Structures are given as C-alpha cells and as structure tokens.
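The structure appears right after this line, and notes come after that.
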Amino acid sequence: MSPQLRSVTEAGLQAVRQKSYPWEVSPPDFFTASEHLRGLFASVVGGDRDGVALIPAVSYGVGIAAANTRLSTGDRVIVLAEQFPSNVYPWQVTAEAAGAEMITVPRPANFDWTAAILEAIDERTAVVATPNIHWTDGSLVDVAAVGAAARAVGAKFVVDATQSLGALPFDITTVQPDYVIGGGYKTLLGPYSLGYMWVAEEQRLGMPLEHNWITREGSEDFGGLVDYKSDYQPGARRFDVGERSNFVLVPMATAALTQILAWEIPTVAAAVSQLTAAAETAATDLGLLPIPAARRGPNLMGVRVPGGPAGDLAKRLAADGIYVSIRGDSIRIAPHLHNEPADIERLFEALAGMIQ
C-alpha cells in the first residue's frame, strides 16, 4: 500500500464524522460524489466517464471480464509467469469450465515481456490478460503493442494496471483495452477496498456480477425502488459494486485522484524515475542485478541478489526503519514522491552490510 496523503486522511476523518448524522444524507448524495470520482478516474486513463465502473478489488473487475467472455475448447488465455493472482484465478476457472487452455508466458531472461507475449499470441488466442508492469519487479509490458496484437486475432485484452496507474501515463485511446482495472490503494494513493475499471464500449452491455439497486435505471427515485426495472444505468455503471457510494472511501479516493491530476502523471513519473535510476546505479555498484531502465516502469524496480535474497532480509531492513518487499527472487523497491535521494542512499548502505 502507498502511504496516505494528509488530504486523504483528513477527507476520511471528516467523512467518518459526517456519518454520525445520517439524517443529513439525501438521495442525491448516493450519486453525486461517486459520479465525480468516476470522472476523475476517466481523466487518469484518458477514457470517458461512462466507461468507468467503481469496484472493490481487481479480482471483482477481472471476474466481470471473465464472466462475460465466452471460451471454447481449443481457445487460449495468455497470462505471464508469476503474474498477480487476481488476473489469473478467474481465467483459470473460466478456461477449465470451457475446456480452454491457459498459456503462461515464461519470464524472459532479457526482461522483454512484450516480445515474449507477442510471440505467444496466435489465432487460437481468445484472451490476453496481463499487467502493464509486473508486480514482482516492475518489468514493463508495452500494452499498446500487445493490445494491437490481441485485436489482430480477435482476442480480448484485459490489463491489470494496479502497480502503476497514477505514476505511469496510461492512454485508453492508444492501448485500446477491453478492460483496464486498477486497485486504488497503491500508486493511486487512495484507500483500500475501492478500485476502478474502465470498460470498452463494445463490452458495456455485459452481465454484472451482482444485481443491486443503484445500478438500475431510475434508481435516483427512492420512492420508486419498489417498481423493479430491468434496464441499467448507462455505460459501465451496471458493473458497479453495491454500496459504491461508500460515504467514507469515496471522499478519500476523490482527494487522492484530485491531487494526482493536479501534480500531472508525467510529472510524477519523471520524479520517481530519478529515484529508481539512482537505485539502479547503486545496485549495480553493489554487484546486484537491477531491472534496467529500458525494461521497467518508472516507479517500481526489482533487484536480484545473486543466489537469492536472504529470507529475513526485509525484516532486517525494517528493523533499521527501511521498508522494501521481497517478491519472488527480487527485492522490490517502490519509491514515490514522499521519498528523496537520501532514502535510496540509506537503503543501499544498509544492503551493503547485509549481503556481503
């Protein structure tokens, strides 16, 4: 999780206090704040507001994509080795039920995921489900190139962009995914249990995972909720989770996305890339194996230790007030704007004393 901005914390505290006065909540309040948040996320990915669904988790969004994908015997679903499970498990279940085949692209020795994915796509491919940067080490996928290859064979393209949305520009018009999904608690700097999904126009008439009241046509009229409707609110709103108008999480997420858009995402990317570049230099000097800049996102970098990192390395660093993750065989370094070059220096000074 990302550290929480002060503005996000304050928005949450204020929202909790306001919840003590439920009689002040009126029917329009169930719609206005969530619609504003929907528009903010649309701006983050360069899409339209009608394409955005508010979801509780990436697995929920991938579940929607999988439930609305018809697979047949002989079809193939492409994922990456060691991909985050939320964009794997739903496809495993769907493929098994249909007699389709899961194809796992092995990790390329040169970190070029894009070439490896393109090689795996053929006329049997029905779904390509990838991240835009790999969660274990930040290695980059050229999602525009992969999306074009998927479209060329008639495959759906489902992107889990959780690891970089808000810290790496993402452009819907260039990538043209069927679904792009992101958790809100990482580089989108928001609270846990609130995420986002943008859905391509041709996928917006699909079946939602749940059938709640607020996504139905005319749900703004509380007195008319007993007159059950078969039609949905327009666009991707049919895929919204029930209680999408969470009166605490939505204000927090709104504060977070407002700040990210004020900073401008290319500016964030440029700032954090300076920190990962410094980490790459320090890692190389120490004899470690960092993901090179040309093959990684700006905000996340894996560093491999020859022979693998010691099992207690993260715990020993935490004892010194330095926090990294161990993912697979990588030390995962994920700086953001709260960091400065001195933090990188301190990390590698500590590592030098632990791995030599």
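Region 63-113 to region 233-262: how many Å between their Cα centroids?
Centre-to-centre (Cα) distance: 28 Å.
Before anything else, pin down the relative contact order of the chain: Cα pairs under 8 Å, at least 6 apart, normalised by residue count, whole percent. The partial results should precede the final answer.
Working: 664 pairs, mean separation 73.6, N = 356.
Contact order relative to length: 21 percent.
Give the cross-link partners of K19 among the lysines, using a straight C-alpha distance below 27 Å as the criterion and excluding same-chain residues fewer than 8 apart.
K186
Enter the mean projected area of the convex hull around the alpha-carbon atoms of the chain, in nm², rounded to one decimal.
On the way: hull surface 75.5 nm².
Answer in nm², one decimal: 18.9.
When the helices in the chain are scored as -39500 (n - 2.57) per DSSP H run of 4 or longer and the sum is shared across all residues, what 222 nm value do you end up with, to the nearest 500 deg cm²/dmol? Show your work: numbers first, answer last.
Numbers: 11 runs with 127 residues, N = 356.
So the helix-based figure for the chain works out to -11000 deg cm²/dmol.
Can you tell me which of A129, A155, A81 moves the most in a GNM of the chain? Springs connect C-alpha atoms under 10 Å apart.
Result: A81 has the largest fluctuation of those listed.
Just the projected area, averaged over all directions, of the convex hull on the alpha carbon atoms of region 1-139: how many nm²? Before the final figure, lay out each step's value.
Working: hull surface 46.8 nm².
With every direction weighted equally, the projected area is 11.7 nm².
Hey, any idea what % of region 60-179's accessible area is carbon plus sulfur with a 1.4 Å probe? Could you put the intermediate results ahead of the total?
Numbers: 2380 of 4380 Å².
Answer for region 60-179: carbon and sulfur cover 54 percent of the accessible area.
Top to bottom by accessible area (1.4 Å), largest first, where do Y196, Y323 land? Please report the intermediate quantities before stating the final value.
Details: Y196 5, Y323 175 Å².
Accessible-area ranking of Y196, Y323, largest first: Y323, Y196.
Give me the percent relative contact order of region 222-331, please, defined on Cα pairs under 8 angstrom at least 6 residues apart. Before the final figure, lay out each step's value.
Numbers: 60 pairs, mean separation 17.5, N = 110.
RCO, region 222-331: 16 percent.
Could you tell me how far the Cα centroid of region 1-62 sits from the Cα centroid of region 315-348, in Å?
Their Cα centres are 30 Å away from one another.
Between Y21 and S230, what FRET efficiency comes out of the Förster formula 1/(1 + (r/R0)^6) with R0 = 41 Å and r the beta carbon distance, rounded to 0.05? Please report the intermediate quantities before stating the final value.
Working: r = 36 Å, r/R0 = 0.87.
It comes to 0.70.
Beta carbons within 10 angstrom, averaged per residue: use that to sort the peptides 25-37, 179-191, highest first. Write out the running numbers ahead of the final one.
Working: 25-37: 15.1, 179-191: 26.7.
Result, highest mean first: 179-191, 25-37.
What ranking do 312-318, 2-8 get when scored by the average of other Cβ atoms within 10 Å per residue, highest first? List each step's numbers first, then the result.
Numbers: 312-318: 14.6, 2-8: 16.4.
Descending mean neighbour count gives 2-8, 312-318.
The values are calculated or read from the model by the stated rules, or taken from the named source; none is laboratory data. Computed from a prediction, not measured in an experiment: that's the story for all the values here. Reconstructed Cβ throughout: ideal geometry from the backbone, glycine too, with neighbour counts over all protein chains shown. When the accessible area is computed, the model is the full protein with side chains, heavy atoms only, and any ligands, DNA or RNA have been set aside. Shrake-Rupley method; radii C 1.70, N 1.55, O 1.52, S 1.80 Å.
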